[in-house]
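S.K.: Following this message is one structure expressed as structure tokens.
All of the numbers you see were taken from the coordinates with simple rules; none came from a lab. None of the values given here were measured: they were computed from a predicted structure. Cβ: placed from backbone, ideal geometry, glycine included. Neighbour counts: every protein chain shown.
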Amino acid sequence: MVRILRGLAYKYFSDEEAIVLLLLLVVGTLAVIFFGAMLAPLIAAIIIAFILQGLVTKLTQWGVPESLAIAVVFVVFLGVLIGFMFGLLPLVWTQVTALAGETPRIIRGLQEHLELLPEQYPALVSAEAVNNLYRQVTAETARMTQWLVSFSLSSIPDLLAILIYIVLVPILVFFFLKDRNLLIDAIARMLPHQRPLMRQIGDEVNVQCANYVRGKAVEIIIVGGTSYVTFKLFGLPYTALLALLVGLSVVIPYIGAAAVTIPVAVIALFTFGWGSQFVWVMVAYGVIQALDGNVLVPILFSEVNNLHPVVIIAAVLFFGGVWGLWGVFFAIPLATMLKAVFTAWPVKRDLPRFDRA
């Protein structure tokens, strides 16, 4: 046993820099697990600044002074944030409350459609199964409606926290952009002077994570915008809410698209019934998902090493479990970063004599 442990230590941790990197990973993981909610604005600001830094770099390459480039990018970021807060969010919230008011009628319409299934397909669907499904849907809908109704005075502390984050995150983003080199140099002084492994991993993470995060931002905008226009053309209600859900669903591959299909299908069924209009809405939604997976994703992420579906699902489950909603959104970038670490980790193949015997 001792010989096996000594062999593993020699194989994976014979490099001093690897030990330092392992300690950093352990400390970072513990910080996310135990202080994730507290550090959420800081980590979100780092990721947003990481995305915006690409635009700053592009502008400086075109000859724009760095300070001016930072100011322009930050003003654009503030404009998008203000537009999202005062343009999209009120519209989405209005549609959410309208949908909550329409929920009882949707439930009744869904029940009418479900009651026809045992008559049309008696060999596949039983009346008991339909009744059980209806009771479950009714119970879940009642819980959601009750939550929306109770979202009042009891939610004021959460609203105040969100308002603080809305002010705090842009300030942090500005300083991360403005003092990026100063902060990096301060962190580098605490690391070993010779650090080829960390430089290699940093370059790999910069390429992989930067392309992924920036690509996902573009993908959300394209898929969400296309869905909004498509749903609007078909006359589907709650278009802003559904388009936002479809756009955000691309953050969680496989799981997100499957989950968002349910509200799209339910609202389309409630609006158009079992008819050709419902079929065309679902076909258009399927075309959007197919184009996203087979055309848009390969174009945006051609330089990113794709993760295995099992790794993606495991990352979503783990980081979502330890960090909640933030973990779900940032699961894939974190998994990509860990993959870059494991790929660049130094491994000694020539074991010493005490492990060969």
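S.K.: If you take the alpha carbon radius of gyration of the range 184-248 and divide it by 2.2 N^0.38 Å, what ratio comes out, to two decimals?
M.R.: Details: Rg = 20.3 Å, N = 65, 2.2 N^0.38 = 10.7 Å.
So the Cα radius of gyration is 1.89 times the expected 2.2 N^0.38 Å.
S.K.: Roughly what would the spin-label model give for N294 and I46, points 7 Å off Cα along C-beta, in nm?
M.R.: It works out to 3.9 nm between the two label points.
S.K.: Right, next: Could you order peptides 256-268, 162-174 by the average number of other Cβ atoms within 10 Å of their residues, highest first? The partial results should precede the final answer.
M.R.: Working: 256-268: 16.7, 162-174: 14.5.
Descending mean neighbour count gives 256-268, 162-174.
S.K.: Could I ask something else about it? Using 0.36 nm per residue, how much length does the chain from L168 to V96 gain when fully extended, once their Cα-Cα distance is taken away?
M.R.: Values: separation 72, 0.36 × 72 = 25.92 nm, distance 2.70 nm.
Stretched fully, the L168-V96 segment lengthens by 23.2 nm.
S.K.: Sort 84-93, 39-48 by the packing proxy (mean of other Cβ within 10 Å over each peptide's residues), most packed first. Can you show the working numbers first?
M.R.: On the way: 84-93: 12.6, 39-48: 17.8.
Highest-to-lowest ranking by the protection proxy: 39-48, 84-93.
S.K.: Tally Lys and Arg at +1 and Asp and Glu at -1 over the other residues with C-beta under 12 Å from the C-beta of I222: what net charge comes out? Intermediate results must be reported in sequence, preceding the final value.
M.R.: Values: positive: K216; negative: E219, D292.
Result for the local shell: -1.
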